[in-house]
1. Placing +1 on the Cβ of each Lys and Arg and -1 on the Cβ of each Asp and Glu in the range A:270-532, which of A:L285, A:A515, A:S403 has its Cα farthest towards the positive end of the resulting dipole?
2. Order by neighbour count: A:D351, A:D277, fewest other Cβ atoms within 10 Å first, most last.
3. Roughly how crowded by other chains is peptide A:402-415, in terms of the mean Cβ count from those chains within 10 Å of each of its Cβ atoms?
4. Counting pairs of alpha carbon atoms under 8 Å apart in space and at least six apart in sequence, what relative contact order in percent does the range B:9-213 give?
5. List every residue whose amide H lies under 5 Å from the amide H of B:T382, counting only residues 5 or more places away in sequence or on a different chain, with H placed 1.01 Å from N in the peptide plane.
6. What are the ³J(HN,Hα) couplings of the range A:507-523, residue after residue, when phi is run through the Karplus curve with 6.51, -1.76, 1.60 and θ = phi - 60°? Round to Hz, x for glycine and proline.
7. From the phi of every residue in the range B:351-357, what ³J(HN,Hα) in whole Hz does the Karplus formula 6.51 cos²θ - 1.76 cosθ + 1.60 yield, where θ is phi - 60° and glycine or proline is x?
8. Name the lysines eligible as straight-distance cross-link partners of B:K262: C-alpha to C-alpha under 23 Å, and not fewer than 8 places from it in the same chain.
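Quick note: the coordinates plus some simple rules give every number you see, no bench work behind them. What you see is a predicted model; the values in this text were computed from it and never measured. Note: ideal-geometry Cβ built from the backbone for every residue, glycine included; neighbour counts use all protein chains shown.
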Amino acid sequence: MKRRDFVLQGAALAAGAAAGQALLPRMLGAQPPREDWLQDPATRQLAMRALDAARTAGATYADVRIARNRQQALGTRERQITFFNDGDTFGFGVRVLANGAWGFAASREVTPDEVVRVAREAVAQARANATANKRPVELAPTERFPDAKWTSPIQVDPFTVPIEEKVDLLLRANAEALKVQGARFVNSNMFFLKAEKTFASTEGSYIEQTLYRSYPTMNVTAVGTGDFQTRQSTDVAPRGLGYEHVRNSRFVESAERWAQEAVAKLTAKPVEPGRYDLVLLPTHLWLTIHESIAHPTELDRIMGYEANYAGTSFVSPPADYLGKFRYGPDFMNIQGERSSAGGLSSIGYDDEGVKPDEFLIIKNGIVNDLQTTREQAPWLADWYRAQGRPVRSHGNSYAQSWSEVQFQRMPNVNLLANASRDVTLEELIADVKDGILIDGDGSFSIDQQRYNAQFGGQVFKEIKDGKITGLLKDVAYQMRTPEFWNSMDGLGGRGTYFVGGSFFDGKGQPSQVNAVSHGSPAARFRRVNVINTGRRA
Amino acid sequence: MPDRKFLSRDEAEAITRRALSFSTADDARVNIQSFTHGNTRFARNQISTAGDAFDGQLTVASAFGKKVASATTNRFDDESLRSVVQTSERLAKLVPEDPEYLGELPAQQYVQNKAFFETTANLTPQQRAQAVMAITGPAERQGLISTGFLDIIVGSQTVATKKGLFAYQTGTAANLTTTVRTPDGTGSGWAGVGENDWTRLNPAELGDRAIRKAVLSRNPKAVEPGKWTVILEPTAVANLVQLMMFSMDARQADEGRSFFSKQGGGNKLGEKVVDQRVQIVTDPASDIAPASSFNGQGLPNRRMVWIENGTVANLNYSRFWAQKQGKQPTGFPDGFAMSGGNTSVEEMIRSTERGLLVTRLWYIRQVDPRTILFTGLTRDGTFLIENGQITTAVKNLRWNESPVFMLNNLEAMSAPVRVSASESGDVGSPVVVPAVKAHDFTFTSLSDAV
């Protein structure tokens, strides 16, 4: 027995015997968590009890996550409220390795008896799964964090902000939108999340984290004769911040413009299909990055683990791509990170206790690295060794709640701004003879290996001879990923940089929702295929 | 420790009564969902993850006059119930009036649906693993790579109001899907199905279908995008037709922002919008596609005909919009059954001079709500038909098309069958559709994805 194992078993025994007994009754009977449950020593004792039960049942590795998610959602339309809901879910999940296979079980009853039952059930799951398995799971080593803590860098906890203030802000924004003639309908919403979670593993880590997310959003509909058009508030992105994000977003001040842009689309010129130069604002480009770079560089997908739903990837096999494949021009650098302040994927430690690092997925236009968990990092061991880099997870494990098993989810994946000079949007436009500027993300669809994609937008501006000359509608571009990114010939500087993101990114079976940010400057692409999406019934 | 996988009627009734006893609001409603969600995933011919989660959700909506708000918890002890009621009441007092709030419903009569099966409720992780092995074993023996997902939900739903309404139903659902790929990466085949009754699933047959498609789909050839005659297998039909069902909201139509809006005002009720052979029905009493007995407000779901002889027979009216328009509220179409014909897929192929056979559709996103135009791609089994025979696998294609156009261009339909209609493979509402042969389906570009 190694010393580490001994120490851990000692702690677990103590949890069940002496110190723990005094604390455990407080958690009995699935009582609601106290506000300070995360720091309550009883929480830690329950986690240790679950780990001990898993080990006793035969697990070679186990982790437990006890978590509470508070969510708030409110919605309005025009001059009235449509819903207001406060959600609260509390429970725990135990993941184990036994006989080389994963097992998982979870429950909403956070009690001493139930953590033992669930830990045993997870081991039974693993044993059932092992009967069909040939290759045992191996985990890359990770640092041990026996007493780690992390909290989102927020200023205002959204759950402490008066309800009246939130409702008032949305209704004022609606009123601004409805002042615009032709703007007939407006829906606006706010979503907030406060997630508190502990992570404990049989390797000796114990981590407490609290993260926040905030997302105000609006959709304006303009109705004309035989036509209707919408504009979504895509220049206000969801963020991993507190209520200060809502206050700083200029949501009310922007509503009139969103409404004007919806109305203007009614009389905008339908696009003539053909090849155009595109100037894509980061309010739009973040989603193209998400779909055509971030998803295809997920290693589980590349290796076939998501083939039945999310799909595989054209970046396969990794050995043919790492260090070899030109994704885009020399000045293209794509970074993965979970540390940027306000990033939706930002976190101190991932859901298997790894401290995420910052890494370049694409370096000078060439594939340089991939997104990994502890199970996956060893699959790239040859590449890392050849590069003189350690075999370690990038900390990309995530589960949407305690009730689902954690798996590989993307970090914040960013297109880095032009490093040589602060290239302006005007400069990017000036060099376009016949093109379209796209602001905001719209319709999006991409194939299961991430080659063929089609993207719409919110606002489309015609560019002729370096100048914006009018508005277009019914625009979508179709692309093949490598050709598209290699057609990028202009990259904006820091001055054009914006962080967009998705609050509801789905992957996995059962489908789990992740939230992720993507920073990007404006960029220019040459001769992209544009279609007209308007059809008559 | 839960010895059952969900709340019984007695337990649910006791909890809702308890929660409502804490209510001081003018009106209140309690919704409970209680369930165990089990799943087994497999990849590369072995189980990758599996788990069971025991959970529940209780939402209390409280109203003071027309000021309404709700709060949700997943704990059902007294302290949590009192707290969730108080939270909803505190919120309700603070929000502005909702002029559309009609109050909660009194007691209602329900049609009992047949969505619960012991065979599904009692399925063990070991049985799930065996089902998976019925797919992975043959795939591996043939040198192929299988990936897939078995998703099981066993649970109950409850609605109770302060006005005396109590509605309770149980249900089980099982969804099994698999994608089998060839090791050279040039072929991929899919098969899947959703059922309420586990015994109606046949994992080995399903795996065999995916295997045959994977082998057949190797080395696909490129064809020109454009207008094609297509034979859409039932899953692909469901992928499209459900988009039309989601668009049948009466209010959106009356407000002029829907395909179902009538030029000059009003909606398309009574107008013929698709081929006259099409009928689409929702029915809680259906054996093959049992819809919920009630909706989230406790409103009874009854048999609803949405499309009859190609004509819009009903739109989805909420309680508020129904009252405003002098209609009966309909409830949301929760699952549906579409009529079919008697042409088998084999006969459709034989009658096709040149066309494409499509297994399923992927990454389906709305492009233009005015025409219910969506885009997406074909996936996991797309084949060229020439002179009545499948001649080769073809590369996948992006399409930009509307279910309305597709259902107007109908040539033939097969007998309808139950499908797995969601792209995700998660358990979803029951959907029954035929395979369809239609002309002039619009493909706009080629994809290299296999």
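1. Of A:L285, A:A515, A:S403, it is A:L285.
2. On the way: A:D351 27, A:D277 22.
Ordered by Cβ neighbours within 10 Å, fewest first: A:D277, A:D351.
3. Numbers: counts 3, 7, 5, 7, 1, 3, 0, 0, 0, 0, 0, 0, 0, 0.
For this peptide, the per-residue mean of nearby foreign Cβ atoms is 2.
4. Relative contact order comes out at 22 percent.
5. The list, which skips near neighbours in sequence, is B:V394.
6. Per-residue couplings from phi come out as 6, x, 9, x, 4, 10, 9, 10, 10, 8, 9, 9, x, 7, x, 5, 8 Hz.
7. Karplus-based 3J(HN,Hα) across the range B:351-357 equals 8, 9, 6, 8, x, 10, 9 Hz.
8. Answer for B:K262, where 23 Å is the Cα cut-off: A:K265, A:K473, B:K272, B:K324, B:K327, listed by chain and number.
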